[in-house]
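Taking it in order: structure first as structure tokens, then the write-up.
The values are calculated or read from the model by the stated rules, or taken from the named source; none is laboratory data. What you see is a predicted model; the values in this text were computed from it and never measured. No Cβ is skipped: glycine too gets one built from the backbone with ideal geometry, and neighbour counts run over all protein chains shown.
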Amino acid sequence: MTAIADDDPATVPDEPRTAVPDVHHTAVSDVQNEERPAQRNPVDPGELDVPVIVLSHRAPVAFRDEGGRRRARRGAGGLVTALVGLAGQLHDTVWVCAASTEEDVAVAREHKGSAIYVTMTGEPKLVDPETTGALQIRLVEVDRAAHEDFYGVISNPMLWFVQHGLYDLAHSPNFGQRERDAFEHGYVSVNETFADAVSHEVEERGGRALVMLHDYHFYLVADLVRQRCPDVVLSHFVHIPWPGPDAWRILPPDMRERLLFGLLGNDVVAFHTERFARNFLLCAQELLGLSINLDKMTVQIGKRTVTARTYPISIDVDALVETAGSKAVRNRLDDLEQWLVAADARLIVRVDRTDPSKNIVRGFLAFEKLLDDHPELVGKIRFLAFLQPSRLDVPEYAEYIGQIGSVVARVNARYTRHGEAPIDLRLHEDFPTAVAAYAICDVVLVNSIADGMNLVAKEAVSVSRRDAVLALSENTGAHEELGAFAVTLYPFDIQQQADGLYEALTMPAIRRRELRQAAADIVRANDVGKWLAFQLADLTEITGLWS
Ligand code: F6P
């Protein structure tokens, strides 16, 4: 058997186990079709004749001093890709974001806090305002101590942990004066700084602009901008899960109420899934006592109506397919292929940041259980894990990397055969090799505890050449779209995940093809262009955009 050319399963069970446990998915779709207002026709961003101000914490570029030379690198992540696409199409856009590196601060100071212009094709470059296709960026310098409290105490550990259900509640959190001060002097104060910057940009455009806010860093900004610029149209996209009211009760009432009232300064609050949008409205009802309408997906606050909407973010399929065909990826693909053929092995792949929400340790425990339960697979499976270290200043993240290392060492010690360890752990970002691995793997493992969307799932099915089976946690936003075409994983159940991996590895070729093709079709039909176009359509419809 060669690993790459042969699609026959190692062992084909008579009746593949529940390949499509899809009750949840169906229920959500039904509610969506019967109750929700119909989606509007998408609006082409190029036709939108209003100024747009985008706010995100992470910038589309990061400047660094490399050996005395200023270099600009593209910011990481799907959000940057999606927003660069949007900003490139709009007529008058400015992207407000944090000056995160020392060199960013130097650039911001040289421009006296006003916008810079950057081209994003190839290596990003500072250019003149007149340059065709230049992206206008306003880098905001933030007081260092306030930023540490905002980012390192409130946004990443606290809000991220509440929203991903990561607290071990018998032991944490223990809120005290430190956290209260960090909220007041960090989160509130940095939100005020960014609200000032956004309001300034709105005022420069005559007080009328569409403001698109992003992520959990800025829940207070909309209300502050609205107070200063009453004619503005505001939307906020929450890229991470929004849990129900009980999860938010972890935070002291004054904190959670301020966050919710801040968000209710928007016209539209947007999420990746129906479940998150509903949870948001339930929070407004239960935690603030406001009146909500779950048919129209709205909440009433005084005379204003705020709408909760769902727009699953996606990838630029054509760009990824192009990357998959690039020389860099093809070279890595050849290397991987040789390695697999030599080992006569099948391949499981995961690509993640080393974030506890990704459930990496349980994923390895499930892999170990798979080998315990199926000795015939020992030596016949490789697990390639691309894990990019993340947020190591947060103690829980640093500890988590240690746990990952321990479990991998144990599994490899138990199951190394003929000098070949089953798990290949790569603790750095290597997108070309990850894309090559997507192309030739048998199974993609996404077992997150909670995930707003998870773009790895969408990337993998879009470039797989071997009809990789998606083993996908039911707690990812992606599961709402792709769960019907994946092996669903229950992220706390190690045995079920081991069984799910076995099912994925032994699925008949024809079934793999059907599932992968259906998933890829969905991703292509709802790519990142639609994510933007539908938001603009709804904002136009809901607010009229001053027409
Ligand atoms: O992945 C979810 C997300 O909220 C992105 O939208 C955002 O870019 C990122 O996390 C922020 O995290 P960090 O500051 O660590 O990049």
task = Only residues that are assigned to a helix (DSSP H, G or I) and in contact (Cβ under 8 Å) with a residue 24 or more places away in the chain: list them for segment 399-421, please.
result = TYR400, ILE401, GLN403, ILE404, VAL407, VAL408, ARG410, VAL411, ARG414, TYR415
ask   = When you look at ILE313, is it crowded, with 22+ Cβ neighbours inside 10 Å and in a loop (DSSP other than H, G, I, E, B), yes or no?
value = yes
ask   = Would you say ARG410 is of a type in the set (Lys, Arg), more than 15 Å from the ligand (Cβ to nearest atom), buried (at least 21 other Cβ atoms within 10 Å of the Cβ) and modelled with pLDDT of 95 or more?
value = no
ask   = Among the residues of segment 486-509, which ones are more than 20 Å from the chain's Cα centre (by Cα) and more than 17 Å from VAL349 (Cα to Cα)?
value = PHE492, ASP493, ILE494, GLN495, GLN496, PRO508, ALA509
Every residue from segment 464-495 that is assigned to a helix (DSSP H, G or I) and either surrounded by 22 or more Cβ atoms within 10 Å (Cβ to Cβ) or free of Cβ contacts under 8 Å to residues at least 12 places away in the same chain (or both) = ALA478, HIS479, GLU480, GLU481, LEU482, GLY483, PHE485
Scan of segment 120-160 for residues that are more than 13 Å from the ligand (Cβ to nearest atom), in a helix (DSSP H, G or I) and out of contact with any helix residue (DSSP H, G or I) (no Cβ under 6 Å at 6 or more places or on another chain), ordered by number = ARG144, ALA145, GLU148, MET158
message = Among (1) surrounded by fewer than 20 Cβ atoms within 10 Å (Cβ to Cβ); (2) over 22 Å from GLY78 (Cα atoms), there is one condition GLY363 misses while meeting the rest; what is its number?
response = (1)
key: Every residue from segment 70-128 that is among the charged types (D, E, K, R) and buried (at least 21 other Cβ atoms within 10 Å of the Cβ)   = ASP104
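Filter segment 150-172 down to the residues that are surrounded by 13 or more Cβ atoms within 10 Å (Cβ to Cβ) and more than 23 Å from the chain's Cα centre (by Cα) and list them by number.
SER172
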message = So in segment 339-356, with the set limited to residues that are at pLDDT below 90 and assigned to a helix (DSSP H, G or I), which one is surrounded by the most Cβ atoms within 10 Å (Cβ to Cβ)?
response = LEU340
message = Which pairs turn up if I take residues in segment 422-441 that are closer than 16 Å to ALA343 by Cα and look for partners that are of a type in the set (S, T, N, Q) and outside any strand (DSSP E or B) with beta carbon separation below 7 Å, at least 6 apart in sequence or on another chain?
response = PRO422/ASN412; ILE423/ASN412
task = Being assigned to a loop (DSSP other than H, G, I, E, B) and within 18 Å of SER235 (Cα to Cα) is the filter; apply it to segment 59-96 and report the residue that is farthest from the ligand (Cβ to nearest atom).
result = ASP92
inquiry  = From the list LEU224, LEU251, LEU259, exactly one residue is aliphatic (A, V, I, L, M), within 16 Å of the ligand (Cβ to nearest atom) and within 26 Å of GLY152 (Cβ to Cβ). Which is it?
reply    = LEU259
Residues that are over 23 Å from LEU320 (Cβ atoms), surrounded by fewer than 20 Cβ atoms within 10 Å (Cβ to Cβ) and either hydrophobic (A, V, I, L, M, F, W, C) or outside the structural domain of ALA519 (by TED's automatic domain parsing) (or both), drawn from segment 413-448 = ALA413, ALA421, LEU425, LEU427
